[in-house]
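Only one structure is covered here, and it is reproduced in the block below.
The values are calculated or read from the model by the stated rules, or taken from the named source; none is laboratory data. Predicted model, so just to flag it, every value in this text is computed and none were measured. Here Cβ is always computed from backbone atoms with ideal geometry, including for glycine, and neighbour counts include all displayed protein chains. Note: accessible area is taken over every heavy atom of the protein model, side chains too, but ligands, DNA and RNA are not part of it. Shrake-Rupley method; radii C 1.70, N 1.55, O 1.52, S 1.80 Å.
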Amino acid sequence: MQPSTPPYDERLTAPRSWWLIAVLIGIACALMLLPLGTLPLLAGLAGGTVLSAVAVSSYGSARIRVVAGALVAGDARIPVSALGEAEALDAEEARAWRTHKADVRAFMLLRSYIPTAVRIEVTDPADPTPYVYLSTREPKALVAALDAAVRAQGLSSGPGRSGG
């Protein structure tokens, strides 16, 4: 693996059905403008489809990366030295951590259409965030990438890490 290549890079894209909904919104906009003529109908179709597609794309543009000794999740950038144990969560455990086990102080990058996740303890005493919860389609790969980043920085003497 080349050093410039991040060991983990995932884009949390929206499901295909959401893109169909974007097209249907465009059709609905076109139908609302039907009484005004053909040109407004086409403008409504194009405008409604484009605007709803932009909304779907922006929601699905969240990325999770492990690069340059840091975990980058959405807008957050957390050095791996501030992270503790990483735990891959199956669908049932991920749901529990999204609901009744959740801590309001936690950083969560949630995507409801992704059933699995990773929970990572935050060990920085100056940070009030107890853990980071990240929806991911490949939880074991993310845990492995975090472990590799910790080893690369020589932080293996920190808290134990598990793959779940």
Pick from the stretch 18-43, criterion open to solvent by less than 100 Å² (accessible area, probe 1.4 Å) and within 12 Å of G60 (Cβ to Cβ), ranking: modelled with the lowest pLDDT:
W18
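Closer than 12 Å to L83 by Cβ and modelled with pLDDT under 90: is that true of L155 in this structure?
Answer is yes for this residue.
Does T99 qualify as being under 24 Å from Y59 (Cβ atoms), hydroxyl-bearing (S, T, Y) and without any contact (Cβ under 8 Å) to a residue 24 or more places away in the chain?
Numbers: under 24 Å from Y59 (Cβ atoms): yes; hydroxyl-bearing (S, T, Y): yes; without any contact (Cβ under 8 Å) to a residue 24 or more places away in the chain: yes.
Criteria met by T99.
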Taking the stretch 108-127 as the region of interest, how many residues are in contact (Cβ under 8 Å) with a residue 12 or more places away in the chain and closer than 20 Å to V150 by Cα?
9
Exclusive hit being closer than 18 Å to I114 by Cα and either aliphatic (A, V, I, L, M) or more than 29 Å from the chain's Cα centre (by Cα) (or both), set V50, V23, V67, V56:
V56
What number of residues within the stretch 85-114 are surrounded by 14 or more Cβ atoms within 10 Å (Cβ to Cβ) and over 15 Å from L12 (Cα atoms)?
13
Out of all the residues in the stretch 69-84, which are in contact (Cβ under 8 Å) with a residue 24 or more places away in the chain and either open to solvent by 40 Å² or more (accessible area, probe 1.4 Å) or under 30 Å from A28 (Cα atoms) (or both)?
S81
Can you find a residue in the stretch 3-13 that is surrounded by fewer than 17 Cβ atoms within 10 Å (Cβ to Cβ), closer than 20 Å to K140 by Cβ and free of Cβ contacts under 8 Å to residues at least 24 places away in the same chain?
yes
Collect the residues in the stretch 115-133 that are more than 16 Å from L12 (Cα to Cα), part of a loop (DSSP other than H, G, I, E, B) and either polar (S, T, N, Q) or touching a strand residue (DSSP E or B) at 6+ places or on another chain (Cβ under 6 Å) (or both), keeping them in residue-number order.
T123, T129
